[in-house]
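A short worksheet on the structure shown next.
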Amino acid sequence: MSDIVDEIFDLFSRFGSGGYGEDLSLEQHMLQSALHAQAEGAPDAVVVAALLHDIGYFLQADRGADPQAAIDFQHELIGAAWLSRGFDARVTAPIALHVQAKRYLCAVAPGYFHQLSPASRLSLAVQGGVMSAAEAEAFTQEDAFDAALLLRRCDDRGKDAALGDQRLADYRGLLVAVVRA
């Protein structure tokens with residue numbers, strides 16, 4: 001199953017330098033998200049989820065999808081489905097739910113919306129907006145609820161253009177260790 005790890009590295013190489021409305025590349029953002037997950041003491045699977053949470057944008061880049069466009073490409077679902085070939089739900093479920101987690105936090109956490117970056121506010125609008133009370137209650141029942149919230153918080157913090165460069169190569173061993181046997 002290390003083939004999927006090689007495919008991930010290829011996708012990062014081909015599409016990682018692209019922007020997505022923030023002051024850093026998608027690759028830098030994803031690496032920073034993983035770094036924050038590690039700093040939080042997240043389980044390895046959640047660190048991998050943080051590293052790969054926006055891979056759906058890479059998968060759509062060949063089709064001309066622009067993550068900066070005001071269109072919901074459902075990158076979280078596309079990425080989670082593609083990754084399910086090699087990773088179990090401990091990785092894929094938080095990825096599939098990280099957009100819903102943003103919508104949830106906007107509904108239940110006072111001030112959360114105001115700390116979102118302008119790009120995250122724009123994407124929120126096209127991703128369904130703030131959850132209703134009923135949607136928020138239903139979301140709390142998701143098996144990966146806690147992991148999705150942790151991933152979301154790491155996603156939000158992974159947008160610091162001044163943060164030093166991390167390297168994808170530093171995560172190869174972790175990716176290989178978490179791949180489903």
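Values as computed for the structure displayed
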read-out	value
Residues that are exposed (fewer than 14 other Cβ atoms within 10 Å of the Cβ) and under 8 Å from residue 103 (Cα atoms), drawn from the stretch 124-145	129
Residues of the stretch 146-181 satisfying the condition of being surrounded by 12 or more Cβ atoms within 10 Å (Cβ to Cβ) and either part of a loop (DSSP other than H, G, I, E, B) or on the phi > 0 side of the Ramachandran plot (or both)	158, 159, 160, 163, 166, 179, 180
Flag for residue 4 being modelled with pLDDT under 95, surrounded by fewer than 21 Cβ atoms within 10 Å (Cβ to Cβ) and either more than 20 Å from residue 153 (Cβ to Cβ) or of a type outside the set (D, E, K, R) (or both)	no
Enumeration of residues in the stretch 1-20 that are more than 16 Å from residue 165 (Cα to Cα), part of a loop (DSSP other than H, G, I, E, B) and over 15 Å from the mean Cα position of the chain (by Cα)	1
Tabulated pairs, the stretch 164-177, first in contact (Cβ under 8 Å) with a residue 40 or more places away in the chain, second surrounded by fewer than 17 Cβ atoms within 10 Å (Cβ to Cβ) and not in a helix (DSSP H, G or I), C-beta under 9 angstrom, 6+ apart or interchain	176/1
Residue match in the stretch 91-110 (condition: surrounded by fewer than 17 Cβ atoms within 10 Å (Cβ to Cβ) and either of a type in the set (Asp, Glu) or part of a loop (DSSP other than H, G, I, E, B) (or both))	yes
Odd one out for residue 67, checked against (1) out of contact with any strand residue (DSSP E or B) (no Cβ under 9 Å at 6 or more places or on another chain); (2) modelled with pLDDT under 95; (3) crowded, with 20+ Cβ neighbours inside 10 Å	(1)
Filtered residues of the stretch 130-163 (kept if in contact (Cβ under 8 Å) with a residue 60 or more places away in the chain and within 14 Å of the chain's Cα centre (by Cα))	147, 150, 151, 153, 154, 155, 157, 158, 159
Within the stretch 150-181, considering residues that are in contact with a Leu (Cβ under 7 Å, 6 or more places away or on another chain) and aliphatic (A, V, I, L, M), the one modelled with the lowest pLDDT	161
Pairs with Cβ under 6 Å, 6+ apart, first in the stretch 2-21 and more than 12 Å from residue 61 (Cβ to Cβ), second assigned to a helix (DSSP H, G or I)	2/176; 5/175; 5/176; 21/119
The stretch 105-129 residues that are over 15 Å from residue 149 (Cα atoms), paired with ones that are surrounded by 13 or more Cβ atoms within 10 Å (Cβ to Cβ) and not aliphatic (A, V, I, L, M) (beta carbon under 6 Å, 6 or more apart)	117/159; 119/21; 119/22; 126/72; 127/72; 128/103
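Conditions (1) surrounded by fewer than 21 Cβ atoms within 10 Å (Cβ to Cβ); (2) out of contact with any helix residue (DSSP H, G or I) (no Cβ under 7 Å at 6 or more places or on another chain); (3) modelled with pLDDT under 95; (4) farther than 22 Å from residue 179 by Cβ, marked per residue:
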residue	(1), (2), (3), (4)
13	yes, yes, no, no
25	yes, yes, yes, yes
33	no, no, no, no
48	no, no, no, no
60	yes, no, yes, yes
71	yes, no, yes, yes
74	yes, yes, yes, yes
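The values are calculated or read from the model by the stated rules, or taken from the named source; none is laboratory data. Fair warning: this is a prediction, and the values are worked out from it, not measured in the lab. So basically every Cβ, Gly included, is an ideal-geometry build from the backbone, and we count neighbours across all protein chains shown.
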